[in-house]
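The values are calculated or read from the model by the stated rules, or taken from the named source; none is laboratory data. Treat the numbers as computed from the prediction; the structure is a model and nothing was measured. Positions of Cβ are backbone-derived with ideal geometry, glycine not excepted, and every protein chain shown enters the neighbour counts. Surface areas here come from the heavy atoms of the whole protein model, side chains and all, with no ligands, DNA or RNA. Shrake-Rupley method; radii C 1.70, N 1.55, O 1.52, S 1.80 Å.
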Amino acid sequence: MIVVTGASGNVGRPLVEALAAAGEKVTAVSRSPLSHDLPEGARHVRADLADPSTLGPALEGAEALFLLLAGDLLGGGAPATEVLAAAREAGVRRVVLLSSQINATRPDALSHGRLREFEEAVRGSGLDWTILRPGGFASNAYAWIETVRTQRAVIAPFANVALPVVDPADISAVAAVVLREDGHFGQTYELTGPAAVTPREQAAALAEALGEEVGFVELTREQAREHMARFMPEPVIDGTLDILGEPLPAEQRVSPDVERLLGRPAGSFAGWAERNAPAFA
């Protein structure tokens, strides 16, 4: 049995599907009821990583665990060591943590302290562990849905700053590999797309996928900051803008890990846009 937390999201949902398609028994864990049907061989259990006492039914019979922290858990919740202790006591032998590239490139980032705590707990858990550190997600472009739909325009800062955003489907595919196969103990993999792309290039890819012109309106850093302040804590805003506007060389580097683990090139942003064009139509 493989347990997948965060099973309703952009990574967890396709991971459940991939594992079930491979013949694995899967427990899909989320804090709320699922809004979609599960594939054959999967079951749903409601539980909350912020409260390890709720994890018992989800972990029953589990051999492997995929840990994905929801966004609102990044700043609080039970100690990571309690979550790992619950897994160990339930008989889990393998754990895969979805972390972030930021823990390598900006180890003091305030926004990622909770993930750093989990990385440390995973390494000290006594379990067969693997850590996945993706860069920015291609699906962050969902933030542009409203303006693309209503104005046929992407409105964003740093039009010409390129980052190798990763397709969440590739993260799920990599997670499925390391959850099922041996040989990944003690490894930390960095997951990126196959090439760095700018926001302006992403807008062009959306235009191609939609078959319609999509313009680009560039915000200043201060304008972007004002917009982000509506839904994001202040320390997170500044750190995010630093990455988007002044990325470090390591954050612009294309990692070979996706291709090496999957035996195929990482998916491009254009490919992601083509699959997800209906959301922007």
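Can you work out which of the residues in region 188-203 that are in contact with a Ser or Thr (Cβ under 9 Å, 6 or more places away or on another chain) and of a type outside the set (Asp, Glu) is surrounded by the fewest Cβ atoms within 10 Å (Cβ to Cβ)? Give the derivation first.
Filtering region 188-203 for residues in contact with a Ser or Thr (Cβ under 9 Å, 6 or more places away or on another chain) gives 188-195, 197.
Imposing the further condition that a residue be of a type outside the set (Asp, Glu) reduces the set to 188-189, 191-195, 197.
Details: 188: 17, 189: 22, 191: 25, 192: 26, 193: 28, 194: 20, 195: 15, 197: 19.
Top of the filtered list is 195.
The residue of region 110-146 that is most open to solvent (accessible area, probe 1.4 Å), among those that are in contact (Cβ under 8 Å) with a residue 40 or more places away in the chain and among the polar types (S, T, N, Q), is 111.
Considering only region 218-234, state which residues are open to solvent by 70 Å² or more (accessible area, probe 1.4 Å), more than 20 Å from the chain's Cα centre (by Cα) and touching a residue at least 60 places away in the same chain (Cβ under 8 Å). Walk me through how you get there before you give the answer.
Of the residues in region 218-234, the ones open to solvent by 70 Å² or more (accessible area, probe 1.4 Å) are 218, 220-223, 226-227, 230-231, 233-234.
Keeping just the survivors that are more than 20 Å from the chain's Cα centre (by Cα) gives 218, 220-223, 226-227, 230, 234.
Once the filter is applied, which keeps residues that are open to solvent by 70 Å² or more (accessible area, probe 1.4 Å), more than 20 Å from the chain's Cα centre (by Cα) and touching a residue at least 60 places away in the same chain (Cβ under 8 Å), region 218-234 yields 218, 220, 221, 223.
Listed by first and then second residue, the pairs with beta-carbon distance under 8 Å, at least 6 apart or on different chains, first residue in region 161-190 and more than 28 Å from residue 246 (Cα to Cα) and of a type in the set (D, E, K, R), second in a loop (DSSP other than H, G, I, E, B) and open to solvent by 10 Å² or more (accessible area, probe 1.4 Å), are 180/22; 180/24. Filtered by the rule that a residue be without any contact (Cβ under 8 Å) to a residue 40 or more places away in the chain and closer than 22 Å to residue 258 by Cα, region 82-98 gives 95, 97. Residues in region 54-73 include none that are touching a helix residue (DSSP H, G or I) at 6+ places or on another chain (Cβ under 6 Å) and surrounded by fewer than 21 Cβ atoms within 10 Å (Cβ to Cβ).
Kindly indicate whether any position in region 123-142 is of a type in the set (Phe, Trp, Tyr), within 27 Å of residue 204 (Cα to Cα), at pLDDT 95 or above and not in a helix (DSSP H, G or I).
Yes, because at least one residue in region 123-142 is of a type in the set (Phe, Trp, Tyr), within 27 Å of residue 204 (Cα to Cα), at pLDDT 95 or above and not in a helix (DSSP H, G or I).
Scoring residue 173 on the criteria (1) within 26 Å of residue 23 (Cα to Cα); (2) assigned to a loop (DSSP other than H, G, I, E, B); (3) not hydroxyl-bearing (Ser, Thr, Tyr) leaves a single failure, condition (2). The single residue among 215, 263 that is open to solvent by less than 30 Å² (accessible area, probe 1.4 Å) and at pLDDT 95 or above turns out to be 215. Against the list (1) in contact with a strand residue (DSSP E or B) (Cβ under 9 Å, 6 or more places away or on another chain); (2) surrounded by fewer than 17 Cβ atoms within 10 Å (Cβ to Cβ); (3) in a helix (DSSP H, G or I), the condition residue 149 fails is (1).
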